[in-house]
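The structure appears below as structure tokens.
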Amino acid sequence: MHKTSAWPLALIYAALIVFASLFPFEGWREQGVSPWVFLTARMPPPYWTWFDVNLNLAGYAPLGFLLALALLRTHWPRAAVPAAALAGALLSLSMEFLQIYLPRRVPSNMDLGLNAAGALLGALVAALLERLGAISHWSRFRERWFVPQARGALVLLALWPWALLFPAALPLGLGQVWERLEAALADVLEGTPFSAWLPAVDLALEPLSPGGELLAVALGLLIPCLLGFCIMRHMGRRMLLALSALAVGVAATALSALLSYGPAHAWEWLTPATAIGLGVGLAAALGLATLPRRGCAAVLLLVLMLHLNLLNQAPTNAYFAQTLQAWEQGRFIRFYGLGQWLGWLWPYAALLYVLLRVSRRDVQS
């Protein structure tokens, strides 16, 4: 029997919750009060909004769902709901406890209750789906559509739309991290002998031309398609996956623009170069649908390397920097942790996955 993808997804989601709850990880201080003081504070707290209520409730629901699903798939049906709900509550309690030491965070017993309720709700949904037979139906669907060793690719494909929600300088342009990484490393090493080891910063980086943007968008769409092809055999199903990737990518990018710039600007990213790039990427994916799985993995390796090199040779623009600042300091600060690392690291995780897959001897066509 294949291994469930719910365990790695649950662990990744828990790590993202920790990041979102403790970001920006600076300014730790002792306040001179008990870190448990929030437990006896009056409820509701003086300052709260329905946005915070819904976010705290919904933020832990996927964690409870994934944990319960993992336990159900590993033959712990009776413990699934209580264990998942308890794990979510304990994680939330730990985060609220640590937030007392952060100046930009305010622990709240209301947040704790909503988070615990969200985890319980998600676990109950997983149990209900199991009772209705939806989990068994997914197992049969997975066996028909994917090869047995598909867990890693399925996890990456499930995370791809969420990675796209974090604002990107270019549509589908995940992994553009070198400019910020270089600046952060320079700040850390400033005043030390190691600062001379850093490569010279090229202040004359040229923005991508329309042709470069077209190519980057096409490659950004081709990557998840080829990743899916690596675990699928049937050509018709591969074509359906390519069409689905296009729809999901467009929807996620539009939602990201809506959250970042407002409903009136949700489609401004869809420039002629971007639209043509999406068409080229889809055509390339459909043309490569006949390749054997090992061939798809080899092509994916080349596409990932070209895409990352292309993106990281171009600078980000001032409007994009302002958008990131709004996410970091505004009401999206909790979303920031959930999307930032996914948007940055997703293509590198995919690169590592495909390297391991190409090196395996048991990959058959």
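Annotations for the structure displayed:
- Hey, ALA257 in a helix (DSSP H, G or I), more than 29 Å from TRP145 (Cβ to Cβ) and either in contact with a Ser or Thr (Cβ under 8 Å, 6 or more places away or on another chain) or touching a residue at least 12 places away in the same chain (Cβ under 8 Å) (or both) or not: yes
- Filter result for the condition that a residue is at pLDDT 80 or above, more than 22 Å from GLU130 (Cα to Cα) and either more than 21 Å from the chain's Cα centre (by Cα) or of a type outside the set (A, V, I, L, M) (or both), over LEU91, LEU98: LEU98
- Cβ-Cβ distances below 8 Å connect the following pairs, each with a first residue in region 306-323 that is in a helix (DSSP H, G or I) and surrounded by 13 or more Cβ atoms within 10 Å (Cβ to Cβ), a second residue that is β-branched (Val, Ile, Thr) and at pLDDT 55 or above, and a separation of six or more residues or different chains: HIS307/ILE223; ASN312/VAL177.
- Within region 29-40, residues that are over 13 Å from LEU102 (Cβ atoms) and hydroxyl-bearing (Ser, Thr, Tyr) sit with their Cβ atoms under 8 Å from residues that are surrounded by 12 or more Cβ atoms within 10 Å (Cβ to Cβ) and at pLDDT 75 or above, at 6+ positions apart or across chains, in these pairs: THR40/ASN109.
- The criterion of at least 3 residues that are closer than 22 Å to GLY152 by Cβ and small (Gly, Ala, Ser) is met by the following helices (runs of 4 or more DSSP H) wholly inside region 1-106: 6-22.
- Selection of region 234-254 for residues being under 27 Å from VAL147 (Cα atoms) and without any contact (Cβ under 8 Å) to a residue 24 or more places away in the chain yields GLY236, LEU240, LEU241, SER244, ALA247.
- Set LEU170, LEU174: member being in a loop (DSSP other than H, G, I, E, B), out of contact with any Ser or Thr (no Cβ under 9 Å at 6 or more places or on another chain), at pLDDT 85 or above and closer than 18 Å to VAL250 by Cα: LEU174
- Among the conditions (1) assigned to a loop (DSSP other than H, G, I, E, B); (2) modelled with pLDDT of 90 or more, LEU121 misses just one, which is (1).
- Among the residues here, TRP267 does not qualify as at pLDDT below 85, under 30 Å from ILE17 (Cα atoms) and either aromatic (Phe, Trp, Tyr) or surrounded by fewer than 20 Cβ atoms within 10 Å (Cβ to Cβ) (or both).
- Qualifying position, being exposed (fewer than 15 other Cβ atoms within 10 Å of the Cβ) and either of a type in the set (Ser, Thr, Tyr) or over 26 Å from LEU345 (Cα atoms) (or both), among SER5, SER94, SER108: SER94
- In region 130-171, of all residues being of a type in the set (A, V, I, L, M) and without any contact (Cβ under 8 Å) to a residue 40 or more places away in the chain, the one that is surrounded by the most Cβ atoms within 10 Å (Cβ to Cβ) corresponds to ALA134.
The values are calculated or read from the model by the stated rules, or taken from the named source; none is laboratory data. Just so we're clear, the structure is a prediction, and the values are computed from it rather than from any experiment. Backbone-built Cβ (ideal geometry, glycine too); neighbour counts: all protein chains shown.
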